[in-house]
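J.: Pasting a structure below so you can have a look.
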Amino acid sequence: MTIAWRANQPKWVQIANVIKDRIRNGTYAVDEPVASEHLIVQEFGVSRPTARKVLVRLREEGVVYAVRGLGTFARSPGDWESAKD
């Protein structure tokens, strides 16, 4: 995917928003894996630390959860969208 980077917003925020949109529209199904650090690096052309920051922030926001040795998985949008209100 090519993303039109906006100068007024960090890349990791923009990528996190893309992943949130993919969870909302079902591209990443609930309790199914989302993009790994490696895939984020490949798809968006960012560094590994940037990709890691995306996943860490999404975990902190409750958008995804990690299972050691298995990966990072999507949570239901209802769980994390209602929590931000």
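J.: With +1 on each Lys and Arg Cβ and -1 on each Asp and Glu Cβ, and nothing else charged, work out how big the dipole of the chain is about its Cα centre, in Debye to the nearest 20.
T.: Numbers: 13 positive and 10 negative charges, 69 e Å.
Rounded to the nearest 20 debye, it is 340 debye.
J.: Defining a contact as two alpha carbons under 8 Å apart and six or more residues distant in sequence, what relative contact order in percent does the range 11-81 show?
T.: That works out to 36 percent.
J.: Along the principal axes of its C-alpha atoms, what lengths does the range 11-81 span, in descending order and rounded to whole Å?
T.: 30, 26, 20
J.: Projecting each Cα onto the charge dipole of the range 11-81 (Lys/Arg +1, Asp/Glu -1 at the beta carbon, about the Cα centre), which of Ala29, Ser47, Ala16 comes out farthest on the positive side?
T.: Farthest towards the positive end: Ser47.
Every number here is computed from the coordinates shown, using simple stated rules; none is lab data. These numbers come from a predicted model, not from an experiment. Cβ atoms come from the backbone with ideal geometry, glycine included; neighbour counts cover every protein chain shown.
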